[in-house]
Amino acid sequence: MQILVTGGAGFIGSHTNVELLEAGHEVIVFDNFSNSERSVLERVEKIAGKAVELVEGDLLNPEDLAAVFRNHSIDGVIHFAALKAVGESVAYPLRYYRNNITGTVNLLDCMVEHQVNTFVFSSSATVYGEPSKVPITEDESIKATNPYGQTKAMMEQILLDLAASRPEMKLGFLRYFNPVGAHPSGLIGEAPTGVPNNLVPFIAQVATGMREQVSVFGNDYPTPDGTGVRDYIHVVDLAKAHLATLNYLTGDKSPDEPLIVNLGTGNGYSVLEVIQAFEKASGKTVPYQITDRRPGDIPTCYAEGTKAKELLGWEAQLDLDAMCQDTWRWMQYSESLSS
Ligand code: WQD
């Protein structure tokens, strides 16, 4: 199939492109490169041994989108393109609502106009806010606590309303927990611009000596060692889940209602456990200091992943050690890129 991958030059998008190409699909990447590099796509092609078509454009420019749908016979869309920094969304909510909501509605308008009915949406466990219980199941109530999470929750509601008005639409909402890691080739990985918001890329930059130490945001949480517990999932496992979702939505037993699944490993690791795992993988010491809690953080968050296993036949295969080893290999390679 011809798959349009918005934000396909980004972290999860690039890894998903590899899986799509290796499964024999054709990939058209639509990206404005606001948070990614073009060179990523050359490295995706190198890994997969196949070409990726690139269309540079912006979801906020309906003409850019119309051109893509006019010039290609698109069978399905995987939609990654979005702003995703929680702190930034609190500071600039309108930028997040415009880019994430208006951008996605523009995309959906084009899909409806061109009768493209298969849509895989990059959602997030952030829509749950502070869960009533862990592990978190998909029927946990939606209570996003920041504008970024709100854009994901609102988009899910918009998609449910669209599906109700157009039963021919085949929709999948994938609620990611904490994506980390890199392709085992070391050629692609997470490349945050500026100071990383997230834990693992920050640890990785301390391990390379790029940064002094990790600030551990609080060790007085109700968790085994007092630091925050999260469900880290390897980006390659996550990429494979997108392919499994595409197969499910286009398969003969495709669903009548939108597919909504958590994508996590079902294991929770604390900040200190992740630091320790990274030291083991890299052979480097990762200095840290305990600092105040980060506003908005929750103590514990990890997935109950039965639904993805039952419906998609998918479950995470790669463990925390693999996540750290693959990240480390990518850090060494990407340092050679910038030197
Ligand atoms: C993980 C843990 C922090 C940085 C966010 C978004 C979520 C998704 C993933 C987009 C927490 C602690 C972190 C640091 C630290 N993003 N930490 N020092 O907050 O679970 O999820 O990223 O889709 O939507 O909410 O991820 O990596 O920022 O934090 O101690 O320098 O590490 O307190 O316990 P988070 P994170």
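The values are calculated or read from the model by the stated rules, or taken from the named source; none is laboratory data. All of these numbers come straight from a predicted model, not from anything done at the bench. Backbone-built Cβ (ideal geometry, glycine too); neighbour counts: all protein chains shown. Each accessible area value is taken on the protein alone, full model and side chains, heavy atoms only, with ligands, DNA and RNA left out. Shrake-Rupley method; radii C 1.70, N 1.55, O 1.52, S 1.80 Å.
Given a Förster distance of 22 angstrom, what is the FRET efficiency for residue 247 paired with residue 46, based on the Cβ-Cβ distance and rounded to 0.05? Walk me through the intermediate numbers first.
Details: r = 25 Å, r/R0 = 1.15.
That gives a FRET efficiency of 0.30.
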| Cross-link pairs 50/307; 46/152; 152/284; 84/133; 143/307; 240/280 - those with Cα-Cα distance over 29 Å | 50/307; 46/152; 152/284
| query | Accessible area, 1.4 Å probe, largest first: how do 137, 250, 227 sort? | reply | 250, 137, 227
| message | Counting only GluC sites (Glu not before Pro) that sit in a DSSP loop (anything but H, G, I, E, B) with at most 13 other Cβ atoms within 10 Å, what is the longest stretch of the chain containing none of them? | response | 1-167
| query | Can you give the calculated 222 nm mean residue ellipticity of the chain, where each DSSP H run of n ≥ 4 adds -39,500 (n - 2.57) and the sum is split over every residue, rounded to the nearest 500 deg cm²/dmol? | reply | -12000 deg cm²/dmol
| message | Need the C-alpha centroid separation for the stretch 136-170 versus the stretch 9-63, integer Å. | response | 25
| message | At 1.4 Å probe size, what's the solvent-accessible area of residue 133? Round to the nearest 10 Å². | response | 100
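Would you please give the FRET efficiency between residue 2 and residue 95, computed as 1/(1 + (r/R0)^6) with r the Cβ-Cβ distance and R0 = 41 Å, to the nearest 0.05?
Details: r = 31 Å, r/R0 = 0.76.
Using R0 = 41 Å, I get an efficiency of 0.85.
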| request: Determine how large the accessible area of residue 200 is when every protein chain is in place; take a 1.4 Å probe and give Å² rounded to the nearest 10. | output: 10
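Ranked by accessible surface with a 1.4 Å probe, highest first, in what order do 141, 34 come? Write down the numbers at each step before the final one.
Values: 141 60, 34 85 Å².
So, going from the largest accessible area down, we get 34, 141.
Say R0 is 22 Å: what FRET efficiency, to the nearest 0.05, do residue 339 and residue 284 get from their beta-carbon distance?
Values: r = 18 Å, r/R0 = 0.82.
Working from the Cβ atoms, E equals 0.75.
Rolling a 1.4 angstrom probe over the protein heavy atoms, how many square angstrom per residue are accessible across the chain? The partial results should precede the final answer.
Working: 14560 Å² over 339 residues.
On a per-residue basis, 43 Å².
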| request: Name the long-range amide H neighbours of residue 8: under 5 Å, sequence gap of 5 or more, or other chain; modelled H, no Pro or chain starts. | output: 30
| What length, rounded to one decimal in nm, is gained on full extension from residue 309 through to residue 165, with 0.36 nm per residue of separation minus their alpha-carbon distance? | 49.0 nm
| field | Within the accessible area of the chain (1.4 Å probe), percent carbon and sulfur | value | 49
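Below 8 Å, C-alpha to C-alpha, sequence gap of six or more: please give me the relative contact order for the stretch 1-141 in percent. Present the calculation step by step, with values, prior to reporting the outcome.
Details: 186 pairs, mean separation 34.9, N = 141.
Taking the mean separation of contacting Cα pairs over the length of the stretch 1-141, I get 25 percent.
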